[in-house]
Amino acid sequence: ASFAQSNVASQQVAINVAEISVIAVHGNISMTINSAVAGQAPDPATASVTYDVTTNAKNQKISAELDQDMPDGLSLYATMGAPGSAKSNGKVELSDKSVDLVKQITQVRASGLTLSYEAVATVDADPDNVVRTVTYTITKN
């Protein structure tokens with residue numbers, strides 16, 4: 001038995017677009033608190049790097065947390081520039097509990113966004129080298 005061959009063929013193609021939300025931070029941070037005006041608290045130290053974010057989802061947020069709390073007398077703050085129409089929460093103190101830095105992130109791709117840090121010490125902060133890991137997460141708001 002022979003079957004007729006057609007000069008036309010068709011095929012169904014299925015494409016699944018998954019929800020994608022990714023973040024990357026760039027640069028290394030090293031700050032030194034080494035001066036003060038007599039009678040005042042030590043001068044804070046600041047540093048800036050950049051971050052990139054891509055999401056095809058709606059109403060996402062970026063949160064951050066430290067691997068362990070800061071020692072007595074020493075505080076670490078972060079400020080993230082917001083991509084697109086998202087909203088930055090401004091300068092936020094970081095701790096070992098998750099805090100939100102940017103909210104209302106919807107379907108955006110952006111690179112080179114500002115990520116600024118400020119280290120603030122009181123006279124109660126012992127002279128020491130303090131290293132903390134900051135973990136940034138993008139999730140549903």
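The values are calculated or read from the model by the stated rules, or taken from the named source; none is laboratory data. Given the structure is predicted, the values throughout are model-derived calculations rather than measurements. Methodologically, a virtual Cβ is constructed for each residue, glycine included, from the backbone with ideal geometry; neighbour enumeration extends over all protein chains shown. Only protein heavy atoms, including side chains, enter the accessible area calculation; ligands, DNA and RNA are left aside. Shrake-Rupley method; radii C 1.70, N 1.55, O 1.52, S 1.80 Å.
For Asp43, the conditions (1) farther than 30 Å from Asn56 by Cβ; (2) of a type in the set (D, E, K, R); (3) in contact (Cβ under 8 Å) with a residue 24 or more places away in the chain are fulfilled apart from (3).
Considering region 39-141, the qualifying strands (runs of 3 or more DSSP E), each wholly inside and each with 1 or more residues that are under 21 Å from Ile20 (Cβ atoms) and among the polar types (S, T, N, Q), run over 45-55, 60-66, 99-105, 108-121, 134-140.
Residue-level analysis places Lys97 outside the set of residues that are open to solvent by 40 Å² or more (accessible area, probe 1.4 Å), under 13 Å from the mean Cα position of the chain (by Cα) and modelled with pLDDT of 95 or more. Return yes when Asn89 is modelled with pLDDT of 95 or more and open to solvent by 50 Å² or more (accessible area, probe 1.4 Å) and no when it is not. So Asn89 fits the description; yes.
Number of residues in region 112-140 that are open to solvent by 80 Å² or more (accessible area, probe 1.4 Å) and farther than 14 Å from Leu66 by Cα: the value is 7.
Given the condition open to solvent by 40 Å² or more (accessible area, probe 1.4 Å) and within 14 Å of the chain's Cα centre (by Cα), answer yes or no: does some residue in region 41-48 qualify? Yes, region 41-48 contains a residue that is open to solvent by 40 Å² or more (accessible area, probe 1.4 Å) and within 14 Å of the chain's Cα centre (by Cα).
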